[in-house]
Ligand code: ATP
């Protein structure tokens, strides 16, 4: 078989995979909207939610176990063909940093293109992340708009700014997302006003007025296991 044929076969097999990190305490319809829209826009083969093992402790209530947060994600994504939940961080049983997880994911998928997804609020505080500049310069990232958060670029270095590809208000993006080198893509593919904190507060007060913001199966699970009380 000629070499050029084997080369083109390898390129053809490359998958496009996204990982969306967070605590998902609980997963809400804002997270799900992001997953669905990013799959379409970036023509992904797979989108993984990547729940952290460690959920920051809130003084008013105990932290939610990683098992519960993982289970809610599985219920929320049960019928989604291309959207799944990664076990990698919860299995580690300890706090993990993204700069440790992404190289591990790359080793697991050496032929694939991997994107790390975050919301505009996470982007705003990215410079507090461990080895943030190394993380941004050595992996592809997708930053998604979020109501109430402006996407600014003045908190990062010139080297990072040069990698930014602004896809907001762009409707056909495939050609733009195959730019060589690691990039930080900004997208307004999703713009959904909800937060896990607001949902937990509602649940704690005993009335969920935002029931269109929580997947039905997740709401039932929360009730059954008496979470967020
Ligand atoms: P909390 O309100 O407790 O901070 P959250 O709703 O932000 O929770 P997380 O699990 O902390 O949920 O978020 C995981 C990821 O999802 C983060 O990158 C965050 O920026 C992003 N995200 C969450 N909600 C939205 C939203 N409505 N729009 C865009 N990004 C979001």
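Would you mind ranking 220, 113 by Cβ crowding within 10 Å, fewest neighbours first? It would help to have the intermediate numbers written out before the result.
Values: 220 12, 113 16.
Listing 220, 113 from fewest to most nearby Cβ atoms yields 220, 113.
Given a 10 angstrom Cα cut-off, can you work out which residue in 50, 167, 111 is the most mobile in a GNM of the chain?
111
Given the alpha-carbon gyration tensor of the range 36-144, what are the semi-axes of its equivalent ellipsoid in whole angstrom, ordered largest first, with each equal to the square root of 5 times an eigenvalue?
Working: eigenvalues 95, 76, 42 Å².
Whole-Å semi-axes of the equivalent ellipsoid: 22, 19, 14.
Please arrange 118, 72, 14 by how many other C-beta atoms lie within 10 Å of their C-beta, fewest to most. Could the numbers behind the result be given before it?
On the way: 118 22, 72 27, 14 12.
Ascending number of Cβ neighbours within 10 Å: 14, 118, 72.
Just want to confirm a number: the relative contact order over the chain, from Cα pairs under 8 angstrom separated by 6+ residues, in percent.
Values: 346 pairs, mean separation 54.3, N = 229.
Here the relative contact order equals 24 percent.
Springs between alpha-carbon atoms under 10 Å, Gaussian network over the chain: tell me which of 83, 126, 179 tops the mean-square fluctuations.
179
Points 7 angstrom from Cα along the Cβ direction at residue 201 and residue 74: gap in nanometres?
A separation of 3.2 nm, rounded to one decimal place.
Under the rule a/c < 1.5 gives rounded, and otherwise a/b versus b/c splits prolate from oblate, where does the chain land using the Cα gyration tensor? Can you show the working numbers first?
Details: a/c = 1.76, a/b = 1.56, b/c = 1.13.
Prolate, because a/c is 1.5 or more and a/b exceeds b/c.
Based on DSSP, what percent of beta bridges with both residues in the chain are antiparallel, to the nearest 5? Kindly include the intermediate steps, with their values, before the conclusion.
Details: 2 of 28 bridges.
Of those bridges, close to 5 percent are antiparallel.
Listing 31, 207, 109 from the residue with the fewest other Cβ atoms within 10 Å to the one with the most, what is the order? Show your work: numbers first, answer last.
Values: 31 24, 207 9, 109 13.
In order of increasing Cβ crowding within 10 Å: 207, 109, 31.
Choose one answer from 64, 145, 128: the residue with the largest mean-square fluctuation in a GNM of the chain with alpha-carbon springs under 10 Å.
128
Going by a ≥ b ≥ c, the root eigenvalues of the Cα gyration tensor, does the range 98-183 fall in the rounded group (a/c under 1.5), the prolate group (a/b larger than b/c) or the oblate group? Numbers along the way, then the final one.
On the way: a/c = 1.64, a/b = 1.13, b/c = 1.46.
Because a/c hits 1.5 or more and a/b fails to exceed b/c, the range 98-183 counts as oblate.
All of the numbers you see were taken from the coordinates with simple rules; none came from a lab. Small disclaimer: the values here were computed from a predicted structure and weren't measured. Positions of Cβ are generated from backbone atoms using ideal geometry, with glycine treated the same way; all protein chains shown enter the neighbour counts.
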